[in-house]
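The values are calculated or read from the model by the stated rules, or taken from the named source; none is laboratory data. Quick caveat, the model's predicted, so the values are computed rather than measured. Every residue, glycine as well, gets a Cβ built from its backbone with ideal geometry; the counts of neighbours run over all protein chains shown.
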Amino acid sequence: MEAVISAIVVFAVTNIDDIIILSLFFGDRKLSRRAIMLGQYVGIGMILIGSIALSLVAAQFPAKWISLLGFVPLGLGIYKGLQLFKPGAADEHATPGLMGSKAAFTYVTMMTISNGGDNTGVYVPLFASDPSIIPAYAFVFAVMTGVWCLLGYALVKFPPVAAKIERYGHYILPVVLIAIGLEILSGFFHG
């Protein structure tokens, strides 16, 4: 039971920023809910599998290099920010239309993985120190990923928040991505 409680706390602390990103994803009419949820599950699963694998070789792999994953959200944030300045960007964001399911799934998966660089930095030493906790953590992380998707979706469905996210979400997302990228990269320079 102690491992389950610990896993819930570790998941919540390492994925708190995902609530905002998930709410922004759910607020974007171009992304299907199914693609968001599948992308989140696959991304979290890949982070977990990567963390388990890295924990097996943790002694040989410098943890600070994981921080370089911060370039992914930083690059995506810069790209999405620059897209706001192209002609017709306001019309593009106002027009609903689904992104292809495969593209949306890939986008959410890659964002989840890139945002998980800091998660890996926590999970690797944890798993390396006590491999027996891995099954309990894997189960809890699967359940908590569903809870996180529900919380992100609920945040969008709260009318005052939903209106703001729908109106300003495409402006907020690049800023959040850049901030996350810089935060993750800071581990390289301070690690």
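Summary table
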| quantity | calculated |
| --- | --- |
| Close pairs (9 angstrom Cβ cut-off, 6 or more residues apart or separate chains): more than 19 Å from VAL161 (Cα to Cα) in region 22-47, surrounded by fewer than 21 Cβ atoms within 10 Å (Cβ to Cβ) and among the basic types (Lys, Arg) anywhere | ALA35/LYS102 |
| Subset tally (residues that are free of Cβ contacts under 8 Å to residues at least 24 places away in the same chain and not polar (S, T, N, Q)) for region 121-138 | 2 |
| Top-ranked residue of region 116-167 - restricted to ones that are part of a helix (DSSP H, G or I) and acidic (Asp, Glu), ranked as modelled with the lowest pLDDT | GLU166 |
| Those residues of region 139-156 which are more than 23 Å from MET1 (Cβ to Cβ) and without any contact (Cβ under 8 Å) to a residue 40 or more places away in the chain, in sequence order | LEU150, ALA154 |
| Scan of region 116-152 for residues that are of a type in the set (Ser, Thr, Tyr) and within 17 Å of MET46 (Cα to Cα), ordered by number | THR120, TYR123, TYR137, THR145 |
| Of all residues making up region 168-191, the number that are modelled with pLDDT of 75 or more and not in a helix (DSSP H, G or I) | 0 |
| Qualifying residues in region 79-107 (those that are of a type in the set (S, T, N, Q) and closer than 15 Å to HIS170 by Cα) - the one modelled with the lowest pLDDT | THR95 |
| Some residue of region 46-67 being over 21 Å from ALA136 (Cα atoms), part of a helix (DSSP H, G or I), at pLDDT 80 or above and not basic (Lys, Arg) | no |
